[in-house]
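Below: one structure, written as structure tokens.
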Amino acid sequence: VFKTLLATVDGELRVCVLPVSSQLDLRALGKRAAMADPRDAQRATGYVVGGISPLGQKKALRTVLDDSALAHDTIYVSGGKRGFDLGLSPADLVSLTRAVTAPIARD
């Protein structure tokens, strides 16, 4: 299961998808990276915090998927509502969101 977090990198919102058991490594995103303000996240995505999906957002945002996802056939991400998850292959998520993969999670 992977969670969706939003961060601000150089003043731009980024969608970060990483395992729920991990923390987001802000340094891996860039020097001026910080967690996004929840109100900004909701406004930009159209989803309520706690149910933000990497798919179907109001505005297409740059997306980074933790590279550990590539070790799985299927990953589960938020479907846009708290408690509702979608299962799909990491390759499909990358394709649908035009995501890049990078080591953004730390234990």
- Task: Please work out the average accessible area per residue across the chain, using the 1.4 Å probe convention, and give it in Å².
- Result: 58 Å²
- Relative contact order of the chain, defined on C-alpha pairs under 8 angstrom at six or more residues apart (%): 31 percent
- Surface share of carbon and sulfur [accessible, 1.4 angstrom probe, percent] for segment 11-71: 50 percent
- Query: Hey, got the Cα dimensions of segment 1-49 along the principal axes, in Å, largest first?
  - Reply: 28, 25, 11
- Message: Can you work out the Karplus-derived ³J(HN,Hα) for every residue in segment 82-90? Use 6.51 cos²θ - 1.76 cosθ + 1.60 with θ = phi - 60°, whole Hz, and x for glycine or proline.
- Response: 4, x, 10, 10, 10, x, 7, 6, x
- Picking from Arg39, Arg62, Arg14, which is most flexible by a Gaussian network model of the chain using Cα springs under 10 Å? Arg39
- Item | Quarter of the Cα convex hull surface for the chain, i.e. its orientation-mean projected area (nm²) | 5.8 nm²
- Message: Placing unit charges on C-beta atoms (Lys and Arg positive, Asp and Glu negative, everything else neutral), compute the dipole magnitude of the chain about its Cα centre in debye, rounded to 20.
- Response: 440 debye
- Largest first, what is the accessible-area ranking of Leu70, Leu88, Leu93 with a 1.4 Å probe? Leu70, Leu88, Leu93
- May I ask you to list the aspartates and glutamates whose Cα is less than 19 Å away from that of Lys3, ignoring any residue fewer than eight positions away on the same chain? Asp25, Asp37, Asp40, Asp66, Asp67, Asp73, Asp85, Asp92, Asp107
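The values are calculated or read from the model by the stated rules, or taken from the named source; none is laboratory data. Computed from a predicted model, the values in this text were never measured in an experiment. Cβ: placed from backbone, ideal geometry, glycine included. Neighbour counts: every protein chain shown. Heads up: the accessible areas ignore ligands, DNA and RNA and are worked out on the full protein's heavy atoms, side chains in. Shrake-Rupley method; radii C 1.70, N 1.55, O 1.52, S 1.80 Å.
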